[in-house]
Amino acid sequence: MNAATMSDSSNVAHGPKSEIYEALTSIRLIDPHSHINPHSPASKTLADVLGYHYYTELAHSAGMPKSHIEDKAIGPKELVERLVGGLQPLENTAQYSWLIEICRTFFGFEEDRLHLNNWEALYDRSESIMASAQWSETVLDQSNVQAVFLTNDFDDALEGFDTETYIPCLRTDDLVFHLAKPEVRGRLAACTGIELDGSLESLRSSLKQRFEHFVSRGARACAISIPPTFAPTPVGDGRASTALNAVLQQGISADASHQEALSRRVFWTLAELCDEFGLPFDLMIGVNRQVYPEGVFQGQDLYDSRVSLIQYRELFNSFPNVKFPVSVLASVTNQELVSYAWIFPNVITNGHWWYSNTPSFIARDAAARLEAVPQTKQIGYYSDAYKLEFIWPKFDMYRKVLSGVLADQFVSDRGWSVERAVELGRKVLRDNVEEIFPLPKGAQESSSSEEVSDDADASSFGAESLGVVGVATAVAGVTEVLDFDSSEPAAETNEPVSETTTEESDYLLIDDEPASETSEADLASSELESMDVDALPAEEEVQELGVDDVELLDDSEPSDTSAGLLSETIDDEPLDVGNLLDDDSPSEQITQLRGESSFNPDEDSLQLEADPNTGEFTLPTGDDGEEDEITLSPSDEPSSQDQPARTTDPTAETVEEIEEFDLDFLSDDDDSSKDS
């Protein structure tokens with residue numbers, strides 16, 4: 001290799017795209033949507049990898065008979081041999097690159113093609129590696145993955161797994177679209193203890209019970225996959241009651257209009273419950289089921305370009321506080337999704353789903369979102385994986401595409417620094433997942449017994465900053481440990497107050513018996529000074545606490561007032577107001593303040609007078625309460641013989657000055673205002 005070639009290669013290796021990519025690979029991931037089984041999250045044999053529907057449907061599309069793939073009589077090793085024999089036509093696909101990357105990353109495979117001459121050695125080696133009891137943890141660690149969102153049936157008990165690593169998500173397809181099936185209603189009654197009796201109250205109560213169950217176990221979202229023909233609109237009580245009773249009586253034989261009305265009512269109720277419980281409603285829009293009935297399992301469904309988000313306008317408008325992460329099945333719908341996320345605050349672009357999940361579509365769709373949608377409203381990617389091994393290659397494909405978009409459109413075209421581009425990449429790849437899917441209210445402490453990692457990413461997800469909750473607890477002197485993933489107080493302790501600090505969160509242990517020389521107020525004050533908190537919490541923060549933000553206390557000494565004390569405060573000599581009740585005793589003559597001889601009004605009494613106490617000028621009013629018309633001008637001045645004698649009244653000179661003041665300019669202003 002000559003120097004020029006080495007230099008060019010070095011420039012490529014160390015250019016902005018490479019720098020951004022390397023930075024993005026260091027981010028510990030949270031996968032916001034998958035189909036992982038938490039009781040068996042990783043593969044056990046290579047058949048679990050090659051059995052992914054992408055490979056079976058592509059192999060079938062390339063000519064392999066469905067019966068050859070779904071033969072229940074064959075074991076996993078023979079299935080792998082059959083599928084490997086049909087892989088050659090798939091080598092050009094993105095899905096094939098995932099397979100090779102899995103084999104290299106996890107099983108030490110060093111070749112770039114998998115074929116009938118090398119598959120068996122790989123199978124045996126991979127099987128021994130997967131036999132490790134810690135294989136799932138190994139895959140997560142090697143993939144740099146912290147947590148994975150699940151897809152849980154509505155009747156899942158959500159027991160027997162770590163809900164911090166495998167985060168529950170309430171999947172509601174059966175509830176919305178298949179409630180007419182007796183087996184679905186039976187499952188709902190069994191898990192809730194509530195029988196649908198034909199009343200809308202029983203329907204809502206059973207759905208609400210499912211939310212309570214999921215939220216209490218750490219669920220972060222409600223999700224549904226929706227056909228293109230469905231339009232979520234509200235259904236009135238009368239129509240919904242009729243539809244429910246028809247479905248209960250006739251099941252799947254009920255008229256399609258009743259089933260459709262019930263579906264819309266259930267969907268709308270789910271949206272109301274998402275609003276009530278603070279869960280995002282994850283919508284995956286546009287899939288037509290069983291378009292190709294003869295296809296292999298999960299290889300029968302396709303999108304429909306007739307789908308439009310205009311069908312969801314009433315939903316988005318009716319629930320402004322519900323976050324709607326939206327996935328569209330086809331790239332052709334992406335521009336409409338970008339536009340809705342552009343306008344609606346509660347619409348969020350979410351991942352690159354299914355038939356849009358190849359590099360060329362991702363590049364176009366991701367670029368359109370990054371240049372038009374606020375960066376805080378984008379969830380960059382999710383794996384949709386059924387086994388943990390697929391999270392790494394799928395996310396890596398997205399990271400490479402994202403790095404190229406950031407390098408070309410932001411660093412090169414806009415002049416951004418690499419660091420700024422990486423910050424944007426991190427937001428859509430990781431940070432927004434934490435913001436959009438927070439731990440809901442009412443979630444119980446996780447079943448995990450593992451300690452919180454010192455890693456900043458590990459401590460951040462699900463961690464609620466101390467904020468107003470911690471402050472209120474510190475001030476109140478409550479004895480409990482505030483942990484970010486628990487609403488349960490810790491056991492009481494007699495240990496002195498201690499503080500543990502991680503990179504992103506503070507956890508306080510508050511003792512209700514502080515040291516004798518330190519008051520509770522001083523203790524709270526010192527804790528507040530050590531934390532960067534908002535002294536004036538927002539209204540929603542106060543409401544979240546469930547306590548008054550201000551408590552008024554009267555700490556004054558009680559008054560000990562007796563009749564004897566009151567008598568001592570009375571003056572010995574009462575005020576002399578005269579004999580008010582004896583008419584025979586004449587009262588003193590009232591003297592007029594200015595020497596008038598009577599109270600009869602004259603011209604002088606109708607003039608502007610100054611109040612002797614306040615100095616304010618007042619005019620008398622007419623009998624009807626309206627002010628008399630007053631015009632003060634020199635021509636209106638009374639003659640000298642009518643002028644009252646000058647007195648020693650201190651306001652007389654002021655009154656005289658007011659009378660002489662010319663107010664003709666007021667009429668001039670009125671005339672000029674008419675011209676404008």
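The values are calculated or read from the model by the stated rules, or taken from the named source; none is laboratory data. Remember, it's a predicted structure, so these values are computed and weren't measured experimentally. Backbone-built Cβ (ideal geometry, glycine too); neighbour counts: all protein chains shown. Ligands, DNA and RNA are stripped out before the accessible areas are found, and what is left, the full protein with its side chains, is counted by its heavy atoms. Shrake-Rupley method; radii C 1.70, N 1.55, O 1.52, S 1.80 Å.
General observations
- Using every pair of separate Cα atoms, the Kirkwood estimate puts the hydrodynamic radius of region 260-394 at 16.0 angstrom.
- Built amide H within the under 5 Å cut-off of residue 29, gap 5+: 145, 146
- Rounded accessible area per residue of region 368-439, 1.4 Å, Å²: 33
- Once backbone amide H atoms are built at 1.01 Å from N, residue 287 has 226 as its partners under 5 Å, excluding neighbours fewer than 5 places away on the same chain.
- Protein-only accessible surface at a 1.4 angstrom probe places the residues 394, 44 in the order 44, 394, largest first.
- Ranked order, 281, 177 - accessible area, probe 1.4 Å, largest first: 177, 281
- For region 167-271, the carbon plus sulfur part of the accessible surface works out to 49%, probe radius 1.4 Å.
- Ordered by solvent-accessible area of protein heavy atoms (1.4 Å probe), largest first, the residues 306, 369 come out as 306, 369.
- Sparse-neighbour loop sites [trypsin sites (Lys or Arg not before Pro); region 89-154; at most 15 other C-beta within 10 Å; DSSP]: 113
- Karplus-based coupling profile of region 101-108, in residue order and whole Hz: 5, 4, 5, 6, 5, 9, 10, x, with θ = phi - 60° in 6.51 cos²θ - 1.76 cosθ + 1.60 and x standing for Gly or Pro.
- By a 1.4 Å probe calculation restricted to protein chains, residue 138 has an accessible surface near 50 Å², given to the nearest 10.
- Cα gyration tensor, region 70-113 - rounded (a/c under 1.5), prolate or oblate: oblate
- Annotation: per residue accessible area for region 24-172 equals 41 Å², rounded to a whole number [probe 1.4 Å, protein chains only].
- For region 288-317, the set of chymotrypsin sites (Phe, Trp or Tyr not before Pro) satisfying both a DSSP loop assignment and a count of at most 13 other C-beta atoms within 10 Å is given as 297.
- Taking the protein heavy atoms of region 57-139 in the context of the full set of protein chains, the accessible area attributed to carbon and sulfur is 47 percent at 1.4 Å.
- Anisotropy class of region 216-300 from Cα gyration tensor, a/c 1.5 cut: oblate
- Backbone geometry of region 340-347 corresponds, through the Karplus equation with coefficients 6.51, -1.76 and 1.60 at θ = phi - 60°, to 3J(HN,Hα) couplings of 5, 5, 5, 9, 7, x, 9, 9 Hz, x marking Gly and Pro.
- Computed from backbone phi with θ = phi - 60° and the Karplus coefficients 6.51, -1.76 and 1.60, the 3J(HN,Hα) list for region 160-165 is x, 8, 7, 7, 7, 7 Hz; x is used for glycine and proline.
- Looking at region 268-346, the accessible area is 44 square angstrom per residue; that uses a 1.4 Å probe and ignores ligands, DNA and RNA.
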